[in-house]
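Asks: Let me give you the structure first, and then I'll get to my questions.
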2 protein chains.
Amino acid sequence: MNCPMCQRWQQHPELRVAELEHCYLTLHHDQFFPGYCLLFTRQHYTELFHLSVDRRQGVMEEVSRVAEALFRLYRPAKINYELLGNMVPHMHWHLVPRHRDDPLWPRPIWCEPHTEVLCSAADYRSTAAAIRQSLGLENSDQEGNL
Amino acid sequence: MNCPMCQRWQQHPELRVAELEHCYLTLHHDQFFPGYCLLFTRQHYTELFHLSVDRRQGVMEEVSRVAEALFRLYRPAKINYELLGNMVPHMHWHLVPRHRDDPLWPRPIWCEPHTEVLCSAADYRSTAAAIRQSLGLENSDQEGNL
């Protein structure tokens, strides 16, 4: 109950994008990098090698599927995929579309501090809906669930 | 031939750790984070979603296997897994054992600059041999190949 990932999901429905088979997908509240998402496992895991082969494949297929959907929608130069977990152990992937005109390109997103870009709930919901559409999910059904 | 990943492999045999089925494993020349490795695909790929399902699974099983070997050897608090590619598109995973007493913990490795920790060729070879052993590879054979 004290897990920041689980709390984020519970407390910020406006950030929710999708419930996939193995993972939940949510927007990062800071949209300094437009389309920045967090994909986190339904169950608490920390290291990739703690997963069974089947589960690992399931999770990684979802990482890949979300990355492709973000690429299709945002047309970035590159997707950045990062699984850290130093602060929040609950396995979550930072999936970040990177553009050649973003202020930190081509350096990693963490290389210097930046002012957070926060959006209205309506804007988050609109972004989440666009990503769901790019994932090929039905927005009407998903919005009902979320 | 101009690919920095391929050049690193060719020009720095002292950094080589292993030739796996899908990827090559090499030490990062900067060992500020002890055990920091780069795992890069034998073929040039950029995004995870460019791989076939089977290839992606093969690559990710090697990511997981190397992470587990690093964990067994270094006993870190966490492994960090990062696939960026903004500067060097050839798919390479940064696999970094992170310890609670490392100077940047718990922040990402990129959060501030640090002085590189360079080692002697003998020390790199010794570290590479220890990682090979943790991977369950035969050092005598591997050294012959590498």
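Asks: With segment B:1-94 as the region, which strands (runs of 3 or more DSSP E) entirely inside it contain at least 1 residues that are of a type in the set (Ser, Thr, Tyr), within 21 Å of A:LEU48 (Cβ to Cβ) and more than 9 Å from every other protein chain (Cβ to nearest Cβ)?
Replies: Once the strands (runs of 3 or more DSSP E) in segment B:1-94 are filtered for at least 1 residues that are of a type in the set (Ser, Thr, Tyr), within 21 Å of A:LEU48 (Cβ to Cβ) and more than 9 Å from every other protein chain (Cβ to nearest Cβ), what remains is B:23-27, B:37-41.
Asks: Being assigned to a loop (DSSP other than H, G, I, E, B), under 22 Å from A:GLU19 (Cβ atoms), aliphatic (A, V, I, L, M) and modelled with pLDDT of 95 or more is the filter here; which residues of segment A:96-146 pass it?
Replies: Listed by number, the residues that qualify are A:LEU135, A:LEU137.
Asks: Just one of the numbered conditions (1) under 30 Å from A:ALA67 (Cβ atoms); (2) within 13 Å of another protein chain (Cβ to nearest Cβ); (3) not hydroxyl-bearing (Ser, Thr, Tyr) is not true of B:ILE131; which one?
Replies: (2)
Asks: Sticking with this one: In segment B:107-122, what count of residues is obtained for those that are of a type outside the set (A, V, I, L, M, F, W, C) and free of Cβ contacts under 8 Å to residues at least 12 places away in the same chain?
Replies: Total meeting the criteria: 4.
The values are calculated or read from the model by the stated rules, or taken from the named source; none is laboratory data. Bear in mind the structure is a predicted one, so any value in this text is a computation, not a measurement. Every residue, glycine among them, receives a Cβ derived from its backbone with ideal geometry; neighbour counts consider all protein chains shown.
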